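What follows is a set of notes on a single structure, which appears directly below.
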Amino acid sequence: MDLNQSLFDRAQELIPGGVNSPVRAFRSVGGAPRFIERAKGPYMWDVEGKAFIDYVLSWGPMILGHNNPEVVDAVKAAVDNGLSFGAATEGEVRIAQEIVKLVPSIEEVRLVSSGTEAGMSAIRLARGYTGRNKIIKFEGCYHGHSDSLLVKAGSGLLTFGNPSSAGVPASVTEHTLVLEYNNPQQLEDAFRQWGDDIACVIVEAFAGNMNLVRGTQEFIDTMRRLCTEHGALLIVDEVMTGFRVALGGAQSLFNVTPDITMLGKVIGGGMPVAAFGGRRDIMEKVAPCGPVYQAGTLSGNPVAVASGLATLRLIQTPGFYEKLGSQTEKLIAGLTAAAREAGIENFCGDSVGGMFGIYCLPEQPKGFADVMKADQALFNSFFHGMLERGVYFAPSTFEAGFVSITHDDAVIEKTIEAARETFADIAKH
Ligand code: PMP
C-alpha cells in the first residue's frame, strides 16, 4: 500500500474524517486526500515526493508563493526572540498601522487568530453597538463556524449538502436572516419589515465560499444605503478578498465603506492572523474600552505578526497586483480554451485579482442556485485528471481558487497543457 493511503488510513482512525478541516477530506470528489510534506513557490510536494502546482495556496494566504524567503527570515528572527508573550509588542502596532493605511475604512483594528473569531467578534460588536439582535447574511456566503452564522453556511458544509450544523440551538440562529445573494429587492423587503431590529448585514462582496461569485454593484450599494438609513452596520468580510482581489480589498473595487471589516488569510502570510476593524466610535465599544467582550491568549502572536508584516510589505511592491491579476486571467483564459478545444461547453471561469472560479457550467453563476447546478461529475473528472497530472485545485466545486505571484508564465502554461490532456481524456469517455 502506498505511503499516502496508509497515512490516510491512520489519520481516519485518529482524527474525524482524517482531517482537521472538512473540505480537505476530498469527500465530494472522492479518493484519498494528498498528505503534503513541503512547499516552495507555486509547488507543493506530497509525502511520496510527487509535485503539484498549487492553486489552493492554503485557501488563500500564500499570495507570495510558498515559503517566501523574506517572510521565512522574518519568522525565524521573531522565533529567536520568543514564541509568545501574551503582552503588547511593537509588531502589533506596526501591523495595525499597515492595515489602517491600506484599508482606509479601518480606523482601529483588533487582531485575532482565525476568520471565525473575526466574524463572531464582528457580529457581537455590531449587536453591542446597535443594541439590536437581528443579523442578515446571504445564502452561500461563509463567515466562519460561529453558531449564529451556521445557517445554510457555505464552504465544507455545502459539499456535504447540509443546510446547517447539528449542535446549534434554534434559539441562537433565530435572529439570523438568510437572504439570496445578489438580490437587492429581498434586502429592501427585509429592511422594510425588520429595519429597526437589524444590527448588521454581513457579506462577502465577492463571494468565495460558493466558488467565486461576484456581488453586483447594485447589490452592494443597496445594502450600504439600507444599513445607513436604518442605523444598521455593514460588515464586509474580506477574510478571503482582503489584499487578494486588490491591495485595498473588495471594498476598494466597489468603492464602498463598511462600518466593520473582517480580515484574515493574507494578513498572516500563512500564520494564524485575522482581524476585525472599522470606525473608531464602533471599535471603542470593544473591551477594555467598552462593554463588548473579546479576547485571545495568542491574539497578536509575535511570530504570526512577523509573517503578516513581511507579507504586507512585499505585496506593496509596485506592479504586484497588475501581475497577479494578469497571471490569473491567463490561467482562466487558457483553461476555458482547453475545454473548448475538446468540445466541452459546460466549463467556464472568472477571476478578480488573484482569486478565481472555475465552473462546470455554461456561464458564470450569479448566486447560490446557479452554483448548485454545476456538473459535479465533470468537475470530479477534471479535478482528478489535473491532480494526476500534478495540478492541485480545490477538491470541491464550491471553492474559489488562488494564484500567487510565483505562478509565472511557465507554470501557467504547464497547467493549461495538463488541462488540454485532461479535457481530451474526458471528451473521449
Ligand atoms: N470568512 C471567509 C470569507 C472565509 O473564506 C473564511 C475561511 N474560508 C472564514 C471567514 C473563516 O476563516 P477561518 O477558517 O480562519 O476561521
Checklist entry - Cβ under 12 Å from Val292's Cβ, Val292 left aside: what net charge do those residues give with Lys, Arg +1 and Asp, Glu -1? => result +3
Item to check | CD proxy at 222 nm, helix term only [per DSSP H run n ≥ 4: -39500 (n - 2.57); per residue of the chain; nearest 500] | outcome: -12000 deg cm²/dmol
Item to check | Ascending count of other beta-carbon atoms within 10 Å, so fewest first, for Thr415, Thr257, Thr222 | outcome: Thr257, Thr222, Thr415
Item to check | FRET efficiency, Glu322 to Leu3 (Cβ-Cβ, R0 35 Å, nearest 0.05) | outcome: 0.25
Checklist outcome for this item: For the chain, averaging the sequence separation of alpha carbon pairs under 8 Å that lie six or more residues apart and dividing by its residue count, the contact order in percent is 22
Checklist entry - Are there trypsin sites (Lys or Arg not before Pro) in segment 309-405 that DSSP puts in a loop and that have at most 15 other Cβ atoms within 10 Å, and which ones? => result Lys373
Checklist entry - Residues with amide H under 5 Å of Gly349's amide H, sequence separation 5 or more or different chain, H placed in the peptide plane at 1.01 Å from N; which? => result Tyr359
Checklist entry - Between segment 43-62 and segment 107-140, how many Å separate their Cα centres? => result 32
Checklist outcome for this item: Ranked by GNM mean-square fluctuation in the chain (Cα springs under 10 Å), the top entry among Glu92, Glu108, Glu345 is Glu345
Checklist entry - Non-local amide H neighbours of Phe35 (under 5 Å, H modeled in plane, Pro and chain starts lacking H): which ones? => result Val47
Checklist outcome for this item: Between the Cα axis of helix 184-194 and the main Cα principal axis of the chain, the angle (0 to 90°, nearest 10) is 30
Item to check | Gln364 paired with Asn346, simple spin-label distance in nm, labels 7 Å along Cα-to-beta-carbon | outcome: 2.2
Checklist entry - Highest GNM mean-square fluctuation, the chain, Cα pairs closer than 10 Å: which of Pro184, Pro302, Pro318? => result Pro318
Checklist outcome for this item: For Glu413, Glu218, ascending order of other Cβ atoms within 10 Å (fewest first) is Glu218, Glu413
Item to check | Counting all C-alpha pairs of segment 326-380, share separated by more than 17 Å (%) | outcome: 36
Checklist outcome for this item: Residues Asp281, Asp46 in order from fewest to most other beta-carbon atoms within 10 Å are Asp281, Asp46
Checklist entry - In Å and whole numbers, how far do the C-alpha atoms of the chain stretch along each principal axis, longest first? => result 61, 54, 47
Checklist entry - How far is helix 115-130 tilted off the main Cα axis of the chain, in degrees rounded to 10, range 0 to 90? => result 20
Next on the checklist: For Ser114, what residues show an amide H to amide H distance below 5 Å, using hydrogens built from the backbone and excluding near sequence neighbours?
Outcome noted: Ala274
Checklist entry - Residue by residue, what Karplus-based ³J(HN,Hα) values in Hz, rounded to whole numbers, does segment 172-180 have, using 6.51, -1.76 and 1.60 with θ = phi - 60° and x for Gly and Pro? => result 7, 9, 5, 9, 9, 9, 9, 10, 6
Checklist outcome for this item: Bridge orientation stat for the chain from DSSP, antiparallel percent rounded to 5, came to 55
Item to check | Overall form of segment 75-139 per C-alpha gyration tensor (a/c, 1.5; a/b vs b/c) | outcome: prolate
Checklist outcome for this item: With bins of 10 Å, the percent of all Cα-Cα pairs of segment 69-314 per bin from 0 is 8, 33, 36, 18, 5, 0
Checklist entry - With each label point set 7 Å from Cα along the Cα-Cβ vector, what nm distance links Asp196 and Asp147? => result 2.9
Next on the checklist: Just to be sure I understand the model, the point goes 7 Å from the Cα along the line to the Cβ. What's the resulting Glu421 to Ser171 distance in nm?
Outcome noted: 5.9
Item to check | From phi via Karplus (6.51, -1.76, 1.60), per-residue ³J(HN,Hα) for segment 289-297 in Hz, x at Gly/Pro | outcome: 6, x, x, 8, 7, 6, 7, x, 4
Next on the checklist: Just to check I understand the Karplus step: with θ = phi - 60° and J = 6.51 cos²θ - 1.76 cosθ + 1.60, what whole-Hz values come out for segment 144-149, glycine and proline as x?
Outcome noted: x, 9, 6, 3, 5, 9
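Taken together, the values in this text are just the output of simple stated rules run on the coordinates, not laboratory data. Because the structure is predicted, anything quoted here is derived from the model rather than measured. Virtual Cβ from ideal backbone geometry, glycine too; neighbours counted across all protein chains shown.
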